[in-house]
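Have a look at the structure below before the remarks.
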Amino acid sequence: MEQKDYLMREIEKIGFMLRAIFNKLIGKKNDFAITMETQFDYAKTLLQSEIDFDLSLFLSLDITESEHYINKFQGLNVVNIEMLADILQEIAMGGETISAEGKVFLEKSLNLYEHCNLADKTFSFAREQKINDIKRILS
């Protein structure tokens, strides 16, 4: 019982933090002074300080290593993983054109969405649309 409560608190804590990052990125959409690098640094710093999640390391891992890395964090359920994918996609789409670094973010975001599809028992039309959009952009 106590372990379940701890896990639920961790899931909620990570969810709140990811929503805060996403809301800040969305809220700054019209502020052109906010660069992709600034957005990345903000997300990286908050993830590192709150849950010890190294975003730079995560981006450098291949698909299998990424899944192992994500599975180390008890509070990263499907909803939170999808929100992390949303954040990476939002950072990548921040500029007018997609840079090489932005494509890395999109590929990692795509991997996360596909991971969610495998882990979630419920089909998500919204997630499937995001996957199709990323594949269209990357091709």
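The values are calculated or read from the model by the stated rules, or taken from the named source; none is laboratory data. Nothing here was measured: the structure is a model prediction, and the numbers come from that model. Note: ideal-geometry Cβ built from the backbone for every residue, glycine included; neighbour counts use all protein chains shown.
From the list E101, E90, E10, E37, pick out the single residue that is among the acidic types (D, E) and without any contact (Cβ under 8 Å) to a residue 24 or more places away in the chain.
Numbers: E101 fails: without any contact (Cβ under 8 Å) to a residue 24 or more places away in the chain; E90 fails: without any contact (Cβ under 8 Å) to a residue 24 or more places away in the chain; E10 fails: without any contact (Cβ under 8 Å) to a residue 24 or more places away in the chain.
So the residue among E101, E90, E10, E37 that is among the acidic types (D, E) and without any contact (Cβ under 8 Å) to a residue 24 or more places away in the chain is E37.
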For K13, only one of the following conditions fails: (1) within 18 Å of K130 (Cα to Cα); (2) part of a helix (DSSP H, G or I); (3) at pLDDT below 90. What is its number? (1)
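Condition check ((1) surrounded by fewer than 21 Cβ atoms within 10 Å (Cβ to Cβ); (2) in contact with a strand residue (DSSP E or B) (Cβ under 6 Å, 6 or more places away or on another chain); (3) in a loop (DSSP other than H, G, I, E, B)) across all residues:
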{"residue": "T38", "(1), (2), (3)": "yes, no, no"}
{"residue": "Q48", "(1), (2), (3)": "yes, no, no"}
{"residue": "L59", "(1), (2), (3)": "yes, no, no"}
{"residue": "I70", "(1), (2), (3)": "yes, no, no"}
{"residue": "L84", "(1), (2), (3)": "no, no, no"}
{"residue": "I98", "(1), (2), (3)": "yes, no, yes"}
{"residue": "K103", "(1), (2), (3)": "yes, no, no"}
Subset of segment 105-139 that is closer than 17 Å to F40 by Cα and of a type outside the set (A, V, I, L, M) - its residue that is surrounded by the fewest Cβ atoms within 10 Å (Cβ to Cβ): E107
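This table checks each residue for (1) under 19 Å from E37 (Cβ atoms); (2) of a type in the set (F, W, Y); (3) modelled with pLDDT under 95.
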site: L55; (1), (2), (3): yes, no, yes
site: E67; (1), (2), (3): no, no, yes
site: N71; (1), (2), (3): no, no, yes
site: L76; (1), (2), (3): no, no, yes
site: I98; (1), (2), (3): yes, no, yes
site: K103; (1), (2), (3): yes, no, yes
site: E114; (1), (2), (3): no, no, no
Cβ-Cβ distance below 8 Å, separation of 6 or more or different chains: which pairs start in segment 127-139 with a residue that is in contact (Cβ under 8 Å) with a residue 24 or more places away in the chain and end on one that is β-branched (V, I, T) and surrounded by 11 or more Cβ atoms within 10 Å (Cβ to Cβ)? I137/I98
